[in-house]
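To start, the structure itself, in structure tokens.
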Amino acid sequence: MTVVYGPQCEFLGIRFDRLDPPAAAAEVLSLSTRSDFSYVVTPNVDHIVQLSSKDDPVLTMSYRDAALRLCDSRISSRLAYLSGIDLPVVTGSDLTADLLGQWLTREKLVVVGGDAKLHHALRLRYPLFHWQFYQPPMGVRHDAKARMEIAQFVEDAAADVVFFAIGAPQSEIVCAEILARGQARGVALCIGASLEFLTGAKTRAPRWMQRAGLEWLFRLGTEPRRLWRRYLVEGPKIFGIWRRWRKLNAALPRASSGSSVSGCE
């Protein structure tokens, strides 16, 4: 099956931006200079399963309205390859590390989420940045007042880059609401535990496990009580989602450009 190329491609219900890590970081840097607000999502297997399993228009809109949708899963990337799609992997953790270590200089940064220990560690590790922190309450997904207070903080901060570390789908939903309000600026990144990996609060899988697509297994071993259901019950649903997508795609007209999969540009 021929691998297709282009800036975007629909796969498993998400229109991914097919950028390599340097191009993704450069695009984030460009978005950070704008006077309007945008945000970046990094869908992994868990996110795709949530989007496919729930009839939730708010959740769907939160991914649809993102400025960039980057593939954060080597499993998804390999399933895409088997479907004739070249889908580069740009994990939220690697993107965050690249931005803080290479691309950003003295920008104003905001972190939504984390605790005082994480905030202190970030100030020590990256002292050149102007940091602001906001620690929201638990249960943001179903707390409209809490989401509004986050939005107001982001608007008042007027930061260049906002790191959302409150998990999915809370981060994506709040970002979509901030975008709809039209009063913020800069770019937000929904990056999960990325900052905890950088500061050493959590340990990331060795590189060989990442390359082998086994990072999920490492995380399961380090946090079994919290993650067993995500990886052992919900995660395997990705294969059924892929089979249904393949069956549907086979019935669609082929793209006129000669791409092997309809929906690719």
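Readers should treat all values here as calculations from the given coordinates under stated rules, not as data from a laboratory. Worth saying up front: this structure is predicted, and the values here are computed from it rather than measured. Heads up, the Cβs are rebuilt from the backbone with ideal geometry, glycines too, and the neighbour counts pull from every protein chain shown.
Which net charge results when you count Lys and Arg as +1 and Asp and Glu as -1 among the other residues whose beta-carbon is under 12 Å from that of residue 183?
Its environment carries a net charge of -2.
Could you list which residues have their amide H under 5 Å from that of residue 264, counting only those 5 or more apart in sequence or on another chain, with H placed in the peptide plane?
Here the answer is 10, since their amide H atoms fall under 5 Å of that of residue 264.
If we count other beta carbons within 10 Å of each Cβ, what is the order of 107, 215, 172, 223, fewest first?
223, 107, 215, 172
How do 56, 72, 98 line up, fewest other C-beta atoms within 10 Å first?
Ranking 56, 72, 98 by Cβ neighbours within 10 Å, fewest first, gives 56, 98, 72.
Once the Cα atoms of segment 9-246 are picked out, what are the Rg and Dmax in Å?
17.0, 49
What is the antiparallel percent of DSSP beta bridges lying wholly in the chain, to the nearest 5?
About 20 percent, rounded to the nearest 5.
Report the Cys residues of the chain lacking a disulfide-compatible partner, meaning no second Cys Cβ under 4.7 Å from their Cβ.
So, 71, 175, 190.
Under a point-charge model restricted to the Cβ atoms of Lys and Arg (+1) and Asp and Glu (-1), what is the dipole moment magnitude of the chain relative to its Cα centre, in debye to the nearest 20?
Here the size comes out at about 840 debye.
So what is the relative contact order of the chain, in percent, for Cα pairs below 8 Å that sit 6 or more residues apart?
Over the chain, the number comes to 27 percent.
Under 10 Å, Cα contacts only: if you run a Gaussian network model on the chain, which one of 213, 113, 192 comes out with the highest mean-square fluctuation?
Judging by the Gaussian network model, the answer is 213.
Who wins for biggest fluctuation among 197, 163, 16 in a Gaussian network model of the chain, springs between alpha carbons below 10 Å?
197
Tell me the mean residue ellipticity at 222 nm calculated for the chain from its helices only (DSSP H runs of n ≥ 4, each -39500 (n - 2.57), averaged over every residue, nearest 500).
Result for the chain: -13000 deg cm²/dmol, rounded to the nearest 500.
What are the ³J(HN,Hα) values, in whole Hz, obtained from phi via the Karplus relation 6.51 cos²θ - 1.76 cosθ + 1.60 with θ = phi - 60°, for each residue of segment 197-202 in sequence order, with x given for Gly and Pro?
5, 5, 8, x, 5, 10
Top mean-square fluctuation among 189, 82, 109, Gaussian network model of the chain, C-alpha springs under 10 Å?
Maximum among the listed residues: 82.
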